[in-house]
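The structure under discussion appears below in the form of structure tokens.
The values are calculated or read from the model by the stated rules, or taken from the named source; none is laboratory data. What you see is a predicted model; the values in this text were computed from it and never measured. Cβ placement follows ideal geometry from the backbone for every residue including glycine, while neighbour counts extend to all protein chains displayed. Side chains are part of the model used for accessible areas, which takes the heavy atoms of the whole protein and leaves out ligands, DNA and RNA. Shrake-Rupley method; radii C 1.70, N 1.55, O 1.52, S 1.80 Å.
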Amino acid sequence: MAQFIMSENVTNAMELSEESPDELLVIGAGLPRTATLSLKSALTKLYKGKCYHMSEVFQGNQEDLDVWMNGMAGRNTAEDWRNYFKKRGFVSGCDYPFAIFWKELSDAYPNAKVVLSTRDPSTWHRSVTESIWLFNSLARNSPTFKLMLKIFDMRKGSERWIESIEAAKPHGMKMGLGQAIEGGPEVARQFFLDWEESVRNTIPADRLLIHSAKEGWEPLCNFLGKPIPEEPYPRVNDTDSIKKDVANLKKMHFMMFYVAPAVLSAVLGYVVFM
């Protein structure tokens, strides 16, 4: 399934350190569609280490799904989080579902810096609905599409994890991402503002950077104590890629559940009545 969803993998294109990190050094607390893929690319380059992102869930095994399902059920301890990320060799993380647990992870890793990626809240709802929500809506509302996803991803719980992360209510929030987006632009805007306020009110100022991709390398590198790379700050806009992936999945869904059964019925009818 991973080859059809979140196909952009910025980690594979970069040289990574052979050293295995003992703990997470940077926790990305920003919502999806706040240039998290650009941040993933930036952190990967700065630390020469893996940065967790939504794509890791699609590409992973049963444990990569269980850790988030257990987290949403409140079963993960600080030690569970630490063991998982150490075993997987990640030095940082951002985007959903990672960012849902920014509070739990910041407690589990008290020495980690927290980066709150941000953007114009008034345009956030449109960005979500024109990209990741195209897939999420199909996965949530179409029984046959959900069945197709299950056929391609046989991991236990794979058929319900999208709905679970949409419903999850992170620290300080009155609703989950799904309710916010389905509520429309103004509800989503307020959700965005409430999210950022919750992070600002919880994380000490000397441990927190609020960062927009438009600001580039300098504030991020100064905050993390890293030299500023000579190359431009990453600008990874995956909207077109997501739209293409969803279009391919729709075609596959149509072939599996409409074209293939019709062809099979015609063939069987011909065999029976010839």
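A few points about this structure:
- The H on the amide N of Lys50, modeled in the peptide plane, is under 5 Å from the matching H of Val91, each at least 5 residues off or on a different chain.
- Mean Cβ count within 10 Å, highest first, over the residues of peptides 181-190, 151-160: 181-190, 151-160
- Accessible area per residue, Å², region 111-244 with all protein chains present, probe 1.4 Å: 52 Å²
- Contour minus Cα-Cα distance for Ile151 and Ser241 (0.36 nm per residue): 30.1 nm
- FRET efficiency estimate (nearest 0.05) - Cβ-Cβ, Glu63 to Asn141, R0 41 angstrom: 0.90
- ³J(HN,Hα) computed for each position of region 51-62 - Karplus, 6.51 cos²θ - 1.76 cosθ + 1.60, integer Hz, glycine/proline x: 10, 6, 8, 3, 4, 5, 5, 5, 8, x, 9, 4
- Amide H contacts of Val236 (H built 1.01 Å from N, under 5 Å, at least 5 apart or other chain): Ser38
- Taking other residues whose beta carbon is less than 11 angstrom from the beta carbon of Ile100, and scoring Lys, Arg as +1 and Asp, Glu as -1, yields -1.
- Here the simple spin-label model places points 7 Å from the Cα toward Cβ, and for Lys48 and Asp80 these points are separated by 3.5 nm.
- Accessible carbon and sulfur surface of region 62-132 relative to its total accessible area, %, 1.4 Å: 45 percent
- Under 24 Å from Lys113, Cα to Cα: lysines that are on another chain or at least 8 residues apart: Lys40, Lys45, Lys48, Lys50, Lys86, Lys87, Lys103, Lys169, Lys214, Lys226
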